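The values are calculated or read from the model by the stated rules, or taken from the named source; none is laboratory data. Keep in mind that this is a model prediction, so the values were computed, not measured. Here the Cβ positions follow ideal geometry from the backbone for every residue, glycine too, while neighbour counts run over all protein chains shown.
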Amino acid sequence: MAFYVVQFLTGLASAASLFLVASGLSIIFGVTRIVNFAHGAFYMIGAYIAFTLTERLSGAFGFWGGIVLAAFAVALIGVIVEMVLLRRIYHAPELFQLLATFGLTLMVEDLVVLIWGPDDLVGRRAPGFRGAIDFFGQNIPSYDLFLIVLGPVVLGILWLLFQRTRWGVLVRAATQDRDMVAALGVNQKWLFTSVFAVGVFLAALGGALQIPRDAVHHAMDLRIIVEVFVVVVIGGLGSIVGAFVAAVLVSELNAFGILIFPKISIILVFLVMAVVLIVRPWGLFGKPEAAARKTPGLTVNPWRPLTSNERLMALAALIVAAMLPLFAGNYLLTVGSEIAIFVIFAVSLHFLMSVGGLASFGHAAYFGLGAYGIAFLAKMAGLPMIVCLLLGPLLGCMGAAVFGFFAVQLSGVYFAMLTLAFAQIVWSIAFQWVDVTGGDNGILGLWPSSWAASPSRFYWLSLGVAALVTVALRTMVFSPFGYALRATRDSVLRSEAIGIDAKRIQWTAFVIAGTTAGIGGALFAYLKGSVFPDNLGISLSVDALVMVLLGGVETVSGAVIGAIIYKALNIWLVSQTDLSKLVLGGFIMLIVVVFPKGIVGTLEMLAQRRKKASPPGSTLLAKPIESAE
Amino acid sequence: MSVAPPLLAVEGLTKSYGGIHAVRGVSFSLRAGEILALIGPNGAGKSTCFDMLNGQNMPDSGHVRLLGEEITGRKPREVWRLGVGRTFQITATFATMTVRENVQVALISHGKQLFNLFGSAPKFDRDEAGRLLELVGMGGYADRPCGELAYGDLKRLELAVALANQPKLLLMDEPTAGMAPRERVELMRLTARIAREKSIGVLFTEHDMDVVFEHADRILVLNRGTLIAEGSPAEVRGNPQVQAVYLGEGLVYDARHREGAST
């Protein structure tokens with residue numbers, strides 16, 4: 001019995017930090033409508049700076065002062081980020097905001113290693129809370145008790161701040177209607193900046209308070225951000241009480257999940273999240289959101305199938321690509337295969353994101369599932385390659401069918417957060433369930449059969465499949481299904497009013513995209529000869545997002561170009577520098593801020609302008625009118 | 001004729017939000033080919049009433065029957081399949097698609113081809129889409145991106161989309177709101193002509209009394225959630241209760257004296 005009580009208290013203590021970070025994210029979202037992906041990064045910087053300060057400053061005051069000072073320092077960094085980066089993208093589509101803050105996260109990860117080194121850092125114990133309290137033979141660290149008290153105290157302070165101060169009233173008003181608040185003469189810029197500072201302060205404080213409990217390391221940002229996303233999805237974005245309740249719930253589930261499913265404890269959290277989403281898609285304490293504000297597109301430029309000339313050009317490009325083995329060596333052919341595989345991966349996400357308007361932040365899950373599908377079939381069932389290639393992607397298909405069902409219940413940022421959380425869950429299973437997946441060691445020794453073994457043959461195989469997949473998905477864009485999918489993206493209200501079951505259409509698209517990604521993953525497993533949890537990790541998901549954005553999110557097949565350029569650049573970059581995340585993060589922010597239409601999108605726009613310049617005074621542009629009902 | 005059930009029969013429709021009775025015991029019926037207007041001051045419950053007819057909103061109690069078949073609480077998409085088209089107060093269209101594609105989506109849905117993955121949508125019922133656009137006077141705009149259209153044209157496009165499944169009943173929530181006076185008259189004349197030709201029942205809400213009295217066969221007056229009058233335009237115009245409601249709001253006389261200058 002005592003053991004369970006202690007386990008319960010440990011859970012409560014973990015909830016404190018989680019609550020601080022989640023409430024910060026919620027507050028920022030409420031006012032600025034930005035889902036701050038970099039929140040985990042601020043949490044991590046908070047922990048690192050607190051580590052340094054508490055090591056330098058001595059005594060009790062030094063420790064506690066160091067913690068608070070660290071949080072203030074990070075809040076200041078947050079202010080700079082808000083003024084320099086976020087102010088430029090408040091009016092960009094949600095997807096771009098998530099991506100820009102993700103770019104920032106990547107940069108921070110490399111910077112942290114650059115400054116503090118790659119090793120785990122173990123911080124000081126908190127003065128006054130060094131010992132443990134005996135509870136019927138079980139030890140409870142007294143610091144845990146401090147954290148248990150701290151959580152409700154912070155909740156109370158935040159409540160007072162929002163209910164009793166002028167600033168709090170403004171924040172609550174802006175959360176309901178920021179345009180109205182601006183119209184009433186409130187300086188919106190400074191309101192946003194101050195809100196962002198408070199949110200970041202909470203995240204950094206959450207990180208700093210962790211140092212007596214946990215080692216500080218450079219991957220803690222992703223771990224916390226996934227948990228925080230789960231918390232805000234369960235509690236409801238924008239609700240602080242919801243963040244508190246959900247933080248406690250998730251922490252307790254983690255604490256007891258280990259007792260029930262020691263190998264895959266994360267399953268329990270997933271189950272609870274799934275139930276909440278079915279019963280209350282907007283979270284326990286959230287409010288149902290009004291329909292999405294706008295489509296991911298920035299302009300209106302109708303899509304059309306390729307003309308026969310353009311088809312010939314595409315075919316010519318394919319033939320040229322197929323001649324690569326005539327003059328390239330083995331290394332280049334392997335790179336070529338990898339690029340072809342990433343074309344498959346990118347077009348599959350593009351289908352979901354551009355055609356369906358569903359920006360998945362966890363698309364690598366289905367790529368990786370396809371790869372693991374191959375590993376299971378080839379290593380455990382010993383099936384020949386051709387059978388594996390046909391059946392392996394089915395694992396991606398099944399994963400997409402299960403997760404997609406829940407994900408399409410939501411839209412916009414909720415959809416993005418949920419897909420990310422799902423991907424992280426799949427990753428955790430691959431990582432933790434060592435008996436089946438080999439855990440971190442992966443599954444090795446997957447080699448293609450002799451008919452596809454040589455680099456040139458494997459290249460042709462990958463190229464052929466990539467071409468096939470691209471043509472198939474493009475055909476679907478212009479199929480009746482594709483029209484229906486675009487319809488649900490543009491207006492769910494109108495779709496439902498003309499007999500379209502929007503969720504079923506979107507779910508189908510999710511499964512198609514997941515299966516296609518699985519095909520890419522299956523080939524990837526054979527290319528590398530092995531499968532690792534990284535094959536379904538977050539960074540791979542983001543690679544896909546960047547490829548789509550780079551090509552142009554509003555184009556029909558820009559992802560092909562985006563994948564080729566990005567992957568080639570990426571492979572080259574990794575060979576040139578150790579700081580690839582830093583460069584990549586900067587690159588992502590650059591695309592989002594100055595190049596939001598992507599390569600193909602920009603080319604199309606230029607061509608369009610030239611065309612429009614000839615017939616004078618053709619159209620009076622009316623404002624696009626979208627239903628807001 | 002007396003044996004066949006009416007096209008639309010509404011019985012005791014009731015909905016409250018918290019303590020507010022938005023709609024209380026509303027009953028009426030609508031014949032095929034008839035144009036029925038639902039009017040009332042702001043907050044009378046028109047939109048709530050409307051949304052409950054095609055499943056956009058769930059009534060607390062009451063029945064909605066289409067040709068005798070119970071459709072209360074059905075989802076909007078199911079109601080549509082039974083032959084009820086609808087336009088919205090604030091237009092809802094597919095902004096990134098062309099005008100023709102907007103109509104084609106409705107035709108695809110009507111033809112139950114929504115899950116056809118490899119057919120050609122641009123060729124799908126292209127002629128039929130063209131005909132529908134011609135019908136509402138949008139033939140020349142077929143290839144224009146929908147997001148470029150002026151508001152009045154969007155309303156006409158919505159009408160074309162609503163006609164795509166050969167509906168028996170059209171629900172139009174403020175079809176002429178936000179349009180210029182001449183456009184209003186044109187759109188309602190068009191609607192009336194189509195309704196008579198194809199024997200479609202039309203129920204519409206409207207604030208512009210000129211439009212209502214010129215085009216409606218029959219008028220329902222809603223005030224604070226209850227029907228207070230029902231009858232031909234002449235009857236409703238002479239009804240003292242209706243006059244009281246509108247005089248209190250000062251709406252009727254404003255509208256008449258200014259003769260549309262107030263748009």
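Couple of notes before you dig in:
- Checklist (1) part of a loop (DSSP other than H, G, I, E, B); (2) modelled with pLDDT under 85 applied to A:Val275, failing item: (1)
- Residues (more than 7 Å from every other protein chain (Cβ to nearest Cβ) and either on the phi > 0 side of the Ramachandran plot or surrounded by 19 or more Cβ atoms within 10 Å (Cβ to Cβ) (or both)) located in region B:121-140: B:Asp125, B:Ala129, B:Leu132, B:Leu133, B:Val136, B:Gly137, B:Met138
- Restricting region A:464-499 to residues that are among the small types (Gly, Ala, Ser) and within 14 Å of A:Leu306 (Cα to Cα), the residue that is farthest from the other protein chains (Cβ to nearest Cβ): A:Ala472
- The listed residue being crowded, with 23+ Cβ neighbours inside 10 Å, within 30 Å of B:Val245 (Cβ to Cβ) and within 14 Å of another protein chain (Cβ to nearest Cβ), out of B:Asn102, B:Asn54: B:Asn54
- Considering only residues in region A:581-609 that are within 21 Å of A:Thr470 (Cα to Cα) and among the aliphatic types (A, V, I, L, M), the one that is surrounded by the fewest Cβ atoms within 10 Å (Cβ to Cβ) turns out to be A:Leu603.
- From the options A:Leu485, A:Leu584, residue that is within 21 Å of the chain's Cα centre (by Cα) and assigned to a helix (DSSP H, G or I): A:Leu584
- Out of A:Ala322, A:Ala328, A:Ala381, sole residue that is aliphatic (A, V, I, L, M), modelled with pLDDT of 90 or more and either surrounded by fewer than 24 Cβ atoms within 10 Å (Cβ to Cβ) or assigned by TED's automatic domain parsing to the domain that holds A:Gly482 (or both): A:Ala322
- Condition check for A:Arg489: of a type in the set (Lys, Arg), in contact (Cβ under 8 Å) with a residue 40 or more places away in the chain, touching a helix residue (DSSP H, G or I) at 6+ places or on another chain (Cβ under 9 Å) and buried (at least 24 other Cβ atoms within 10 Å of the Cβ): yes
- One residue from A:Leu352, A:Leu326 being part of a helix (DSSP H, G or I) and within 30 Å of A:Ala421 (Cβ to Cβ): A:Leu352
- Here the helices (runs of 4 or more DSSP H) wholly within region B:159-244 that include at least 3 residues being modelled with pLDDT of 85 or more and within 29 Å of B:Gly12 (Cβ to Cβ) are B:209-215, B:233-238.
- Any helices (runs of 4 or more DSSP H) falling wholly within region A:361-439 and containing at least 2 residues that are under 24 Å from A:Val542 (Cβ atoms): A:364-375, A:393-407, A:412-432
- Test: B:Asp143 is surrounded by 21 or more Cβ atoms within 10 Å (Cβ to Cβ) and either charged (D, E, K, R) or in contact with a Leu (Cβ under 6 Å, 6 or more places away or on another chain) (or both): no
- Number of positions in region B:141-158 that are outside any helix (DSSP H, G or I) and more than 10 Å from chain A (Cβ to nearest Cβ): 1
- Residue in region B:166-188 that is touching a strand residue (DSSP E or B) at 6+ places or on another chain (Cβ under 6 Å), under 19 Å from A:Ser479 (Cα atoms) and within 11 Å of another protein chain (Cβ to nearest Cβ) present: no
- Counting only helices (runs of 4 or more DSSP H) that sit wholly inside region A:160-219, those with at least 1 residues that are within 30 Å of A:Tyr48 (Cβ to Cβ) and small (Gly, Ala, Ser) are A:188-208.
- Any chance A:Asp578 is surrounded by fewer than 24 Cβ atoms within 10 Å (Cβ to Cβ) and assigned to a helix (DSSP H, G or I): no
- Failed item in (1) away from chain A (no Cβ under 12 Å); (2) in a loop (DSSP other than H, G, I, E, B); (3) surrounded by fewer than 18 Cβ atoms within 10 Å (Cβ to Cβ), with B:Phe118 passing the rest: (1)
- For region B:70-94, filtered to residues that are of a type in the set (Gly, Ala, Ser) and surrounded by fewer than 24 Cβ atoms within 10 Å (Cβ to Cβ), the residue that is farthest from the other protein chains (Cβ to nearest Cβ) is B:Gly73.
- Any hit, region B:93-104, residues being under 30 Å from B:Gly45 (Cα atoms), touching a residue at least 60 places away in the same chain (Cβ under 8 Å) and outside any strand (DSSP E or B): yes
- The number of residues in region B:105-115 that are in a helix (DSSP H, G or I) and closer than 21 Å to A:Trp507 by Cα comes to 5.
For every residue, the table says whether it meets (1) of a type in the set (Ser, Thr, Tyr); (2) surrounded by 15 or more Cβ atoms within 10 Å (Cβ to Cβ); (3) touching a residue at least 60 places away in the same chain (Cβ under 8 Å).
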| residue | (1), (2), (3) |
| --- | --- |
| A:Ala132 | no, no, no |
| A:Phe136 | no, no, yes |
| A:Ala204 | no, yes, yes |
| A:Leu237 | no, yes, yes |
| A:Val245 | no, yes, no |
